[in-house]
Amino acid sequence: MGLTGLSNSLLSQADAGYRFVAGCLTVAGREVATAAELELHGITNVTTVAACGECRKDGDCFAPLTTAVSDCKCQCAAGGHGDVCVPAPVPAGPPPPPSTPPPLPPPVGECISDMVYPEVAQSVGGGLSWLCYRNVTFSGGGMSLTVLVGVMTGDVANVTFDGCTWRDGAVLLLLGNAYAAVGSLNVVVTGNTFYDALLSPEGVFPPRTNITISGNRF
């Protein structure tokens, strides 16, 4: 079994006047509520024992830069930052991942259809000969769908966007490549609606490419 307690080295170099706050600890299902009880379990040199549910300036906040604790929230003095009043700003973490991952490419002959697409920057087409989106809504400034023609394959490659809605900064980029390993390429963008959104064919498309852009609203 493991041991309960702290190694001697943790406090051996502490200066006089240090503070060690402990509390709301449970051992064998029983709350340890006093310094004497903590010592019985190897937790020594405690200066303050905090009760469960109690918020304290010296236990829940960086005390030197905290003026008070109200409703378990640290109130910072000048120079205190963040929820616990630390002496330097806490850097923001990375953006959270999308709550819903984008769907997998559809099987040949089928379409991704009748859905709101997650707001992601995504490149599609690698190793595929078929892409089809029907009645899909793409929206948001972070929504960018890039069709990489250069990595599509097959004797005949087909890319279809039928009846989709693009809005609020969404981008559809058709990125051509003259050296794409396809026999022929058919791109159809029909019946789409673009509200404050962008349709952008770019690059050089391979020989035997047919691009149909019709019946769209911009």
Could you tell me which numbered condition residue 193 fails, if it satisfies all but one of (1) surrounded by fewer than 16 Cβ atoms within 10 Å (Cβ to Cβ); (2) touching a helix residue (DSSP H, G or I) at 6+ places or on another chain (Cβ under 9 Å); (3) at pLDDT 95 or above?
-> (2)
Residues that are of a type in the set (Gly, Ala, Ser), over 21 Å from residue 205 (Cβ atoms) and outside any strand (DSSP E or B), drawn from region 118-166 = 140, 141, 142, 163
Region 196-218, subset surrounded by 14 or more Cβ atoms within 10 Å (Cβ to Cβ) and of a type in the set (Val, Ile, Thr), residue farthest from the chain's Cα centre (by Cα) | 209
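Is it the case, given these coordinates, that residue 162 is surrounded by fewer than 16 Cβ atoms within 10 Å (Cβ to Cβ), out of contact with any helix residue (DSSP H, G or I) (no Cβ under 8 Å at 6 or more places or on another chain), in contact (Cβ under 8 Å) with a residue 24 or more places away in the chain and of a type in the set (D, E, K, R)?
Numbers: surrounded by fewer than 16 Cβ atoms within 10 Å (Cβ to Cβ): no; out of contact with any helix residue (DSSP H, G or I) (no Cβ under 8 Å at 6 or more places or on another chain): yes; in contact (Cβ under 8 Å) with a residue 24 or more places away in the chain: yes; of a type in the set (D, E, K, R): yes.
No; evaluated as a whole, the condition is false for this residue.
Going through 144, 123 one at a time, which residue ends up being within 30 Å of residue 208 (Cβ to Cβ), within 25 Å of the chain's Cα centre (by Cα) and loosely packed, with under 14 Cβ neighbours inside 10 Å? Break it down stepwise before answering.
On the way: 144 fails: loosely packed, with under 14 Cβ neighbours inside 10 Å.
Of the residues listed, the single one that is within 30 Å of residue 208 (Cβ to Cβ), within 25 Å of the chain's Cα centre (by Cα) and loosely packed, with under 14 Cβ neighbours inside 10 Å is 123.
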Return a yes/no flag: does region 122-130 have any residue that is of a type in the set (A, V, I, L, M, F, W, C) and either at positive phi or outside the structural domain of residue 169 (by TED's automatic domain parsing) (or both).
-> no
Of everything in region 172-189 that's assigned to a strand (DSSP E or B) and surrounded by fewer than 15 Cβ atoms within 10 Å (Cβ to Cβ), which residue is nearest to the chain's Cα centre (by Cα)?
-> 181
Those residues that are under 28 Å from residue 85 (Cβ atoms) and either touching a Cys at 6+ places or on another chain (Cβ under 6 Å) or not in a strand (DSSP E or B) (or both), I need them from region 27-39; list them, please.
-> 33, 35, 38
Out of the residues in region 40-76 that are under 33 Å from the mean Cα position of the chain (by Cα), exposed (fewer than 13 other Cβ atoms within 10 Å of the Cβ) and not in a strand (DSSP E or B), which is modelled with the lowest pLDDT?
-> 53
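Go through 160, 137 for me and flag whichever is at pLDDT 95 or above and within 24 Å of residue 208 (Cα to Cα). Write out each step before concluding.
Numbers: 137 fails: within 24 Å of residue 208 (Cα to Cα).
Within the list 160, 137, the selection yields 160.
The values are calculated or read from the model by the stated rules, or taken from the named source; none is laboratory data. Predicted, not measured: the structure shown is a model, and the values here were computed from it. Cβ sites come from the backbone with ideal geometry, for glycine too, and all protein chains shown count toward neighbours.
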